[in-house]
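The values are calculated or read from the model by the stated rules, or taken from the named source; none is laboratory data. Predicted model only: the values in this text are computed from it and were never measured. Heads up, the Cβs are rebuilt from the backbone with ideal geometry, glycines too, and the neighbour counts pull from every protein chain shown. Just so you know, the surface numbers come from the protein's heavy atoms only, side chains and all, with ligands and any DNA or RNA stripped out. Shrake-Rupley method; radii C 1.70, N 1.55, O 1.52, S 1.80 Å.
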Amino acid sequence: MCADHDSDGLAASPDLANSQSHSQSHNQANSQSHSQACGQGLGNQRRDHREDGPRLAILAKAPIPGQAKTRMIPALGAEGAARLQHRLIEHTLKMALGATSARNITLWTALEHDHPCFIEFQQRYGVTLRPQPEGDLGARMHAALCCAGGPSLLIGTDCPILDKTLLKTCQKRLKDADSVFLPAEDGGYALVGVRRPDPRLFHGIDWGTSSVMSQTHARLAELLWTLECPTTVWDLDTPQDLARLADMEALALEILP
């Protein structure tokens, strides 16, 4: 997710500045209402074990034709690429909810923060919405991790092979390590988890290159942080990746438009 500067789940947008103020007030109201509803009757319910783990941030672009999954447009068309983005966001949320309580999940939105897709998912799944701030990818990831207020994980929506079992593994590894990453085959990574955020982790990284993970290794060494990398994954970024996903029949039926 992080090696590609045009990654559809995480790319910056000039629309952020125009819509951030409106979305913040809208999301704060929705989040407050949701929190109040979730708080009712907790004393009489068994505590959800998923609430004990680290918080999870998900970075996602609104499924707007012509602006989402742009490198898929030659194969799917603008509308088809947008539908793919919509399905990837929902797939990621469903997967995340298998390992993390909804109250511990924040969907960080880009392009159009009050897009009907985001509002629908907030209402259906009970997750929190927040607009991605301005800045490069590193600045936006750091802001999301800081907002968690403790150990946290961050993912995009472009890695369909990230399942709840692997996410749970990353959560467990973070209990004993300073950081956990899922390196991607393109030289970036699909997941980052930290016990405590530090802006130096993302400083001076050449986002959009195949050296993202190797440069991150160097930053971790400078910080004297321990690192866990449970496995290497791949992202759904290009038309060539569609064929790879098609070989995974059950997953393809859920995701492909």
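For segment 110-127, does any single residue satisfy the condition of being within 27 Å of Val212 (Cα to Cα), part of a loop (DSSP other than H, G, I, E, B) and modelled with pLDDT of 95 or more? Even if it seems obvious, please write down each step before you answer.
Pass one, segment 110-127, residues within 27 Å of Val212 (Cα to Cα): 110-111.
Now restrict to residues that are part of a loop (DSSP other than H, G, I, E, B): 111.
From the residues that got through so far, the ones that are modelled with pLDDT of 95 or more too are 111.
Yes, some residue in segment 110-127 is within 27 Å of Val212 (Cα to Cα), part of a loop (DSSP other than H, G, I, E, B) and modelled with pLDDT of 95 or more.
Given the conditions (1) modelled with pLDDT of 95 or more; (2) open to solvent by less than 20 Å² (accessible area, probe 1.4 Å), report the number of the one that Gly66 does not fulfil.
(2)
Evaluate the following for Gly77: is it in a helix (DSSP H, G or I) and either of a type in the set (Gly, Ala, Ser) or modelled with pLDDT under 95 (or both)?
Working: in a helix (DSSP H, G or I): yes; either of a type in the set (Gly, Ala, Ser) or modelled with pLDDT under 95 (or both): yes.
For Gly77, the condition - in a helix (DSSP H, G or I) and either of a type in the set (Gly, Ala, Ser) or modelled with pLDDT under 95 (or both) - is met.
If you go through segment 203-214 one residue at a time, do you hit one that is hydroxyl-bearing (Ser, Thr, Tyr) and touching a strand residue (DSSP E or B) at 6+ places or on another chain (Cβ under 9 Å)? Steps first, please.
As a first pass, look at segment 203-214 and keep what is hydroxyl-bearing (Ser, Thr, Tyr): 209-211, 214.
Restricting the remaining residues to those that are touching a strand residue (DSSP E or B) at 6+ places or on another chain (Cβ under 9 Å) gives none.
For segment 203-214, residues hydroxyl-bearing (Ser, Thr, Tyr) and touching a strand residue (DSSP E or B) at 6+ places or on another chain (Cβ under 9 Å): absent.
If I ask for residues that are of a type in the set (A, V, I, L, M, F, W, C), under 21 Å from Asp158 (Cβ atoms) and over 20 Å from the mean Cα position of the chain (by Cα), which ones from segment 168-227 would you list? First the steps, then the outcome.
Going residue by residue through segment 168-227, those that are of a type in the set (A, V, I, L, M, F, W, C) are 170, 174, 177, 180-182, 184, 190-192, 194, 201-202, 205, 207, 212-213, 218, 220-221, 223-225, 227.
Still in the list and also under 21 Å from Asp158 (Cβ atoms): 170, 180-182, 184, 190-192, 194, 201-202, 205, 207, 212-213.
The answer is none; no residue qualifies.
If the requirement is being among the hydroxyl-bearing types (Ser, Thr, Tyr) and within 15 Å of Lys61 (Cα to Cα), which of these qualifies: Thr165, Thr169, Thr92? It would help to see each step written out before you state the result.
Numbers: Thr165 fails: within 15 Å of Lys61 (Cα to Cα); Thr169 fails: within 15 Å of Lys61 (Cα to Cα).
Exactly one residue qualifies, and that residue is Thr92.
Among the listed residues Pro199, Pro239, identify the single one that is closer than 25 Å to Gln171 by Cβ and in contact with a helix residue (DSSP H, G or I) (Cβ under 8 Å, 6 or more places away or on another chain).
Pro199
How many residues are open to solvent by less than 10 Å² (accessible area, probe 1.4 Å), under 12 Å from the mean Cα position of the chain (by Cα) and of a type in the set (Val, Ile, Thr) when one looks only at segment 93-134?
Of the residues in that region, 2 qualify.
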